[in-house]
Amino acid sequence: MLILLPPSEGKTPAAGGEAMDWATLSFPELNVCRARVLESLGTVSAHEDALALLGVGASLSADVERNRRLRAEPAAPAHQVYSGVLYDALGYDTLTAAQRTKADAGVLVISALWGAIRFADRVPAYRLSMGTALPDVGRLAAFWKPQLAAALGTAAAGELLVDCRSSTYAAAWAPPPEQTVAVNVFTEVNGVRKVVSHFAKHTRGELARHLLSRRGKAPGSPAQLHKAASEKWSVELVPGTARKPHALNIILPG
């Protein structure tokens, strides 16, 4: 089983320590593309209209300034750098040692800057969204799509893929639909179902934690994932098609 996560919008900078070591990152075959995106991001972040070009407000100017020196910035494991609703709900630091080992091996974060990394990979905090277009790179989802298809194929082979990404990050890699389950979250009141956003992040984080911390063998099929999720939530499984992944719908009370 592999759990696919988006990065958090906010990042927690490392308090100190060494800069990132490119040689230690997972999927080193992506390093050439990572360097290309990093260089373009640094150029854009030095532009007088950097905030507008990156689609962020003035309150994030320090984050954009940091983008200019990422090669020298202190790095920390990705599970510390990524913060926010989903990652708080996952609660990596409160997992047992065995569960953290499982998370380090079984979670992939799809990133606008790094392509794909694992929880133990040391990276600096940065500001970049997958929906951004960079000079000489273009739209990042389109840029990464062929690269991730090639790099992640082996890692994904034979695995159930639990896709907790938002649509923006899902556009960067479309894994085989027959082995992929997209996680959706709804509320339901008096039979009326609504899609939720903020609580969707929280619930996806809770699902990731449940799958990493529950006893027994990890789910290996959509049906087994449905059974595991039903231990905590009201859920339904919508079968996929030749082109569309399965869907696990988690139904929260309104």
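In this model, which of 11/244; 194/232; 102/145; 102/194; 201/227 are farther than 28 Å apart at the alpha-carbon?
Among 11/244; 194/232; 102/145; 102/194; 201/227, the Cα-Cα distance tops 28 Å for 11/244; 102/194.
Could you check the spin-label model distance between residue 88 and residue 23? Points 7 Å from the Cα along Cα→Cβ, value in nm.
3.9 nm
Gain in length, residue 178 to residue 244, computed as 0.36 nm per residue apart minus the alpha-carbon separation, to one decimal in nm?
23.0 nm
For residue 47, what accessible area in Å² do you get when you roll a 1.4 Å probe over the heavy atoms of the protein chains, rounding to the nearest 10?
90 Å²
Per residue, how many Å² of accessible area does the chain show with a 1.4 Å probe?
47 Å²
When the chain is modelled as a GNM with alpha-carbon springs shorter than 10 Å, which of 242, 72, 105 fluctuates the most?
Of 242, 72, 105, the Gaussian network model singles out 242 as fluctuating most.
Just the Cα atoms of the chain, one point each, no solvent: what log10 I(q)/I(0) does Debye give at q = 0.09, 0.13, 0.17 Å⁻¹?
Ignoring solvent entirely, the Cα scatterers give -0.40, -0.83, -1.35.
Which percent of the accessible area of the chain is formed by carbon and sulfur heavy atoms (probe 1.4 angstrom)?
Carbon and sulfur atoms account for 53 percent of the accessible area of the chain.
Only bridges whose two residues both fall in the chain count here: according to DSSP, what percent of them are antiparallel, nearest 5?
Taking every DSSP beta bridge with both residues in the chain, the antiparallel ones total about 55 percent.
Could you check the simple spin-label distance between residue 32 and residue 142, using points 7 Å along Cα→Cβ, in nm with one decimal?
So the label points at residue 32 and residue 142 sit 2.1 nm apart.
Mind putting a number on the dipole of the stretch 1-100 about its Cα centre? Charges go on the C-beta only, +1 for Lys and Arg and -1 for Asp and Glu, and I need it in Debye to the nearest 20.
Dipole size: approximately 160 debye.
Which residue, 21, 63, 136, has the most motion in a Gaussian network model of the chain that connects Cα atoms within less than 10 Å?
Maximum fluctuation in the GNM of the chain, among the listed residues, is at 136.
Under 5 Å between amide H atoms, partner at least 5 residues away or on a different chain: which partners does residue 111 have, H built in plane at 1.01 Å?
116, 117
Evaluate Rg over Rh across the stretch 136-177, taking Cα atoms for both radii and Kirkwood's formula for Rh.
0.99
List the residues, sorted by chain then number, that are 5 or more residues from residue 246 or on another chain and whose placed amide H is less than 5 Å from its amide H.
Counting only residues 5 or more places away or on other chains, the set is 180, 182, 240.
May I ask which residue of 164, 251, 183 lies farthest towards the positive end of the charge dipole of the stretch 135-254, with charges of +1 (Lys, Arg) and -1 (Asp, Glu) on Cβ and the Cα centre as origin?
Of the options given, the answer is 251.
Pick from 65, 48, 18: which residue has the top mean-square fluctuation in a GNM of the chain where Cα pairs under 10 Å get a spring?
48
The values are calculated or read from the model by the stated rules, or taken from the named source; none is laboratory data. Bear in mind the structure is a predicted one, so any value in this text is a computation, not a measurement. No Cβ is skipped: glycine too gets one built from the backbone with ideal geometry, and neighbour counts run over all protein chains shown. Surface areas here come from the heavy atoms of the whole protein model, side chains and all, with no ligands, DNA or RNA. Shrake-Rupley method; radii C 1.70, N 1.55, O 1.52, S 1.80 Å.
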